[in-house]
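Asks: Take a look at the following structure, please.
The values are calculated or read from the model by the stated rules, or taken from the named source; none is laboratory data. Source: prediction; values computed, not measured. A quick note on method: Cβ atoms are made from the backbone with ideal geometry, for glycine too, and the neighbour counts reach across all protein chains shown. Heads up: the accessible areas ignore ligands, DNA and RNA and are worked out on the full protein's heavy atoms, side chains in. Shrake-Rupley method; radii C 1.70, N 1.55, O 1.52, S 1.80 Å.
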Amino acid sequence: MSPGFPVHPIPARAGIGLRLPHHALVLQQRPAAAWLEVHPENYMSDAHSLAELERMRADYPLSLHAVGLSLGSAAGVEAAHTARLKDLVERLEPALVSDHLSWSIAGGQYLPDLLPLPYTEEALQVVCRNVAQVQERLGRQILVENPSTYLQFSASAIPEPEFLAAVAERSGCGVLFDVNNVYVSAMNQRQDAAKIMRDWCRALDARTVGEMHLAGHAVVATAAGEELRIDDHGDHVCAAVWALYEQALAHFGARPTLLEWDTRLPEFSVLQAEAALAQARLDSAQQRAYARAV
């Protein structure tokens, strides 16, 4: 599997999730950003926005973070959707392509959520088959992201970190490690987030981790009055997630890190400031690694 040749490789720096309302500003002002990540589905039927993105990718390294491949679908990945993604990959030549460890298609119908999987050997075989098919069709490696979860399946027999590690090992894909999702899942399942992070660090081969994600989330109350965290990407990164990010950097080393913000979208300058907080932690991690090396 040989990757394509992107216009700009993505550095181990903090990037920003580009959303359509910020297109005009980025085109007109070329604001500082180490790299940009977009959802390719937003450009599959919008020729105008795609033309704008082509202009921007001449100045910024670009990553495509898909939400529609449905890598966990037992019926397999949809050929038409994969073909549309392939067209974009060939046109935009992104440095990274990714999607989620989830499913969202049933009976030909697209569902508006990234739905969780039971972590079983059967599901593992399905995901590995689908990831291999996508990589073959795209002619390049993809990254697969750990999801945020709101429940646990009683049928699950494989811990989530080991499941995703096995997907990477068997399919040859990389891992997009979402730190906020680790925290949201741990809190919703009433688990110790720092311990869960240690489990992830033990399970994943650091060489497979090609990108990290950071985001904010919402806290709501259930009908029973219990606290539930929703991964809505609509706020600043919280202190607990920053702490987990530092824990991940200490283990995996500096990686391209994306600041996601999708709902309640603020001014672009707010995203830049949030990315700068991530960059400061990346710089510290790189300085510590250099000090150990010498």
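Asks: Looking at ALA74 and the list (1) of a type in the set (Gly, Ala, Ser); (2) surrounded by 19 or more Cβ atoms within 10 Å (Cβ to Cβ); (3) closer than 23 Å to LEU117 by Cβ, which single condition is not satisfied?
Replies: Failing condition for ALA74: (2).
Asks: Okay, moving on. Do we have ASP262 as surrounded by 15 or more Cβ atoms within 10 Å (Cβ to Cβ), farther than 17 Å from ARG13 by Cα and out of contact with any helix residue (DSSP H, G or I) (no Cβ under 6 Å at 6 or more places or on another chain) here?
Replies: It is false that ASP262 is surrounded by 15 or more Cβ atoms within 10 Å (Cβ to Cβ), farther than 17 Å from ARG13 by Cα and out of contact with any helix residue (DSSP H, G or I) (no Cβ under 6 Å at 6 or more places or on another chain).
Asks: Residue by residue through the range 34-44, note down the ones that are hydrophobic (A, V, I, L, M, F, W, C) and either open to solvent by 50 Å² or more (accessible area, probe 1.4 Å) or over 17 Å from ASP262 (Cα atoms) (or both).
Replies: ALA34, MET44
Asks: Pick from LEU115, LEU85: which is without any contact (Cβ under 8 Å) to a residue 60 or more places away in the chain and crowded, with 20+ Cβ neighbours inside 10 Å?
Replies: Values: LEU115 fails: crowded, with 20+ Cβ neighbours inside 10 Å.
The match here is LEU85.
Asks: Among the residues of the range 282-291, what is the count of those that are open to solvent by less than 60 Å² (accessible area, probe 1.4 Å) and not polar (S, T, N, Q)?
Replies: Residues meeting the conditions: 4.
Asks: Scan the range 191-214 residue by residue and report those that are surrounded by fewer than 24 Cβ atoms within 10 Å (Cβ to Cβ) and of a type in the set (A, V, I, L, M, F, W, C).
Replies: Passing the criteria: ALA193, ALA194, ILE196, MET197, CYS201, ALA203, LEU204, ALA206, VAL209.
Asks: If you don't mind, there's one more thing I want to ask. Is one or more of the residues making up the range 223-245 within 16 Å of the chain's Cα centre (by Cα) and of a type in the set (Asp, Glu)?
Replies: Yes, the range 223-245 has at least one match.
Asks: Inside the range 267-278, can you point out the residues that are surrounded by 14 or more Cβ atoms within 10 Å (Cβ to Cβ) and either in contact with a Gly (Cβ under 7 Å, 6 or more places away or on another chain) or more than 17 Å from LEU176 (Cα to Cα) (or both)? Write out each step before concluding.
Replies: We begin by selecting, within the range 267-278, every residue surrounded by 14 or more Cβ atoms within 10 Å (Cβ to Cβ); these are 268, 271-272, 274-275, 277-278.
Within the range 267-278, PHE268, LEU271, GLN272, GLU274, ALA275, LEU277 meet the criteria.
Asks: Quick one: would you say ARG202 is more than 19 Å from the chain's Cα centre (by Cα) and under 21 Å from ALA168 (Cα atoms)?
Replies: Spelling it out, ARG202 is indeed more than 19 Å from the chain's Cα centre (by Cα) and under 21 Å from ALA168 (Cα atoms).
Asks: Criterion first (in contact with a Phe, Trp or Tyr (Cβ under 8 Å, 6 or more places away or on another chain) and part of a loop (DSSP other than H, G, I, E, B)) does HIS213 satisfy it? I'd like the intermediate steps shown before the answer.
Replies: Values: in contact with a Phe, Trp or Tyr (Cβ under 8 Å, 6 or more places away or on another chain): yes; part of a loop (DSSP other than H, G, I, E, B): no.
The answer is no for HIS213.
Asks: A further question follows. Kindly indicate whether any position in the range 174-190 is under 26 Å from ALA79 (Cβ atoms) and surrounded by fewer than 21 Cβ atoms within 10 Å (Cβ to Cβ). Show your work before the answer.
Replies: The initial filter retains those residues of the range 174-190 that are under 26 Å from ALA79 (Cβ atoms), namely 174-176.
Next cut, surrounded by fewer than 21 Cβ atoms within 10 Å (Cβ to Cβ) only: 174.
Checked against the condition, which is being under 26 Å from ALA79 (Cβ atoms) and surrounded by fewer than 21 Cβ atoms within 10 Å (Cβ to Cβ), the range 174-190 yields at least one hit.
Asks: Considering only helices (runs of 4 or more DSSP H) fully contained in the range 1-97, which possess at least 3 residues that are in contact with a Lys or Arg (Cβ under 9 Å, 6 or more places away or on another chain)? Please lay out each step first, then the result.
Replies: Values: elements: 23-29, 47-56, 79-92.
Where helices (runs of 4 or more DSSP H) fall fully within the range 1-97 and carry at least 3 residues being in contact with a Lys or Arg (Cβ under 9 Å, 6 or more places away or on another chain), they are 47-56, 79-92.
Asks: When you look at SER148, is it in contact (Cβ under 8 Å) with a residue 60 or more places away in the chain and either open to solvent by 10 Å² or more (accessible area, probe 1.4 Å) or among the polar types (S, T, N, Q) (or both), yes or no?
Replies: Yes.
Asks: A follow-up question, please. Limited to the range 47-71, what total is found for residues that are over 24 Å from THR257 (Cα atoms) and either open to solvent by 50 Å² or more (accessible area, probe 1.4 Å) or at pLDDT below 95 (or both)?
Replies: 2
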